[in-house]
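Shown next, in structure tokens, is the structure this report addresses.
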Amino acid sequence: MKRTRFTAVIAALMMCSAMLCSCADDNSSAGGTKASGGKYDTSLAAEDLDVGYDENSAGTVSFADGKAEVSGSGSQAEGAVVTISASGEYVVSGECSDGRIIINADKNAEIQLIFKGLKLTCSDNAPVLISNADKVIITLEDGTDNVLTDGSSYALSGDENTDGCIFSKADLTINGSGSLTVNGNYKHGIVSKDDLVIADGKISVKAVKTALEGKDCVKISGGKTALDAGSNGIRSTNDEEEDKGYVSISGGEVSIECGSVAVSAVTFISAEGGSVSAVCGDDGLRSLGDISLSGADITIDSGDDAVNADNDITISAGSVSITNSHEGFEAKTVTIDGGEISITAEDDGINCSGNKDDEDTGSAAQEGVCLTVNGGVLRVTSNGDGLDSNGDLIINGGEVYLSVTENEENSALECRGEKKIADEAKVEIQ
């Protein structure tokens, strides 16, 4: 019998309490830290990491073609449609060519689904629909393969907005060391209208449109996630709350092939650890706010800009390899404090501008626009300007290597405001 979730959560909380007592000023919690001065909570809760459950007391759901059998309280089956209506642990297995799991519980309910060799297809709706709960955790049992597939069209009533193979109106976490394949033939792969957390697992998502969507946030801290999407790879869309609408990657391996933007956020993108590899038709990382790269290994082949923010981009650690782009980095400000950065661009390697949406033909320096290099190693190969700022260009340190064909239109170092290169900085232009 495995440990119970209650025991595991208490143990995790005791560990966190001990850490806080020994380091009272430490802002960290399980799996991450609060980024950008605490505005965006990139941490994971203890239950996000807990894969334990009690096999003796857990309910069971077993699918077969045309039917499902359930045991324990809190669930019922009607044909091959299973409805779960109470908090608890449910072990789900079996194979069914046209069935569903629907969670419709109390708004405070916490539910764990343990996928243990589940292969479930629903021809006209989401195979997993979470209509009402506080939080749902899908645990991928070690050594098992699990597959969810939807049809190319949904039979929806007038007020339904279900549009993902896994569709949740509650916080959704995926953990465990098993595998999950999601085939989103209608629109999206995995959708949460609240938080979407991937803590572990080997997860493969193929979707007609977006592969992963968490309205409030998407957090990835472990596992191997492979995304194949017709439009966006990962996106967060909440534009109504200033501390929501963000994407955080703190660990694991993420690979993305998509027709549009690889990682898209309204407010903030944070890449603190792990690796991200993206081949995309549009931007690689795209934020309407800020982007912070502080330890991840990132590789981007983009059809447009590789790393694009409306406000600020900061790079402090890790590696960024941009093998193809229109422009490598584009933002109002770009600050490089560390890391290994390599950029190949058809236009500017790095472009700082305060007029991203409007053509700016003037020559005056734009207020608040600045490109700053304080450390790290930066290599740029571009057919446009190497480093281009419509405001200031400050190189205080680090190593900068630029390979640019300088002519009347392009230069290695272009700026409208103050240009400063400190003696301790190393700048080489080819």
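One-quarter of the Cα convex hull surface for the range 278-396, in nm²?
Values: hull surface 25.7 nm².
So the Cα hull casts an average projection of 6.4 nm².
Electrostatic tally near Arg235: other residues with Cβ closer than 14 Å to its Cβ, Lys and Arg +1, Asp and Glu -1, net 0. For the chain, dividing the convex hull volume of the Cα atoms by the residue count gives 144 Å³ per residue. A Förster radius of 41 Å combined with the Cβ-Cβ distance from Ala422 to Ser177 puts the calculated FRET efficiency at roughly 0.25.
Between Asp54 and Glu340, the modelled label-to-label distance comes to 5.0 nm, taking each label 7 Å out from Cα in the direction of the beta carbon. The local environment of Cys415, defined by Cβ-Cβ distances under 11 Å, has a net charge of -2 under the rule Lys, Arg +1 and Asp, Glu -1. Let me check I've understood the local charge: for Val191, count other residues with C-beta under 14 angstrom from its C-beta, Lys and Arg +1, Asp and Glu -1. What total comes out? Around Val191, the charge tally is -2.
Placing unit charges on each Cβ (+1 for Lys and Arg, -1 for Asp and Glu) gives the chain a dipole about its Cα centre, and among Leu387, Gly303, Gly349 the Cα reaching farthest toward its positive end belongs to Gly303. When both bridge partners sit in the chain, DSSP labels roughly 5% of those beta bridges antiparallel. In plain terms, the chain is cut at each of the GluC sites (Glu not before Pro) found in a DSSP loop with at most 16 other Cβ atoms within 10 Å, and the longest leftover piece is 56-159. Given only helices, namely DSSP H runs of n ≥ 4 each adding -39500 (n - 2.57), what is the per-residue ellipticity at 222 nm of the chain, to the nearest 500 deg cm²/dmol? Taken over the chain, the calculation gives -1500 deg cm²/dmol. Under the convention that each Lys and Arg Cβ holds +1 and each Asp and Glu Cβ holds -1, the size of the dipole of the chain around its Cα centre is about 1720 debye.
For the range 49-55, the Karplus equation 6.51 cos²θ - 1.76 cosθ + 1.60, evaluated at θ = phi - 60°, returns couplings of 9, 7, 10, x, 7, 9, 5 Hz by residue, with Gly and Pro reported as x.
Coupling constants for the range 313-328 follow from the phi torsions by the Karplus curve (6.51 cos²θ - 1.76 cosθ + 1.60, θ = phi - 60°), and in residue order they are 10, 10, 10, 10, 6, x, 10, 10, 10, 9, 7, 7, 6, 6, 10, x Hz; glycine and proline get x. Only Cα pairs under 8 Å and 6+ residues apart enter the sum, and on that basis the relative contact order of the chain stands at 6 percent. Relative contact order, whole percent, for the range 356-430 stands at 33, derived from Cα pairs under 8 Å and 6 or more residues apart.
Read-outs: derived from the displayed coordinates by stated rules, not from any lab. Source: prediction; values computed, not measured. Positions of Cβ are backbone-derived with ideal geometry, glycine not excepted, and every protein chain shown enters the neighbour counts.
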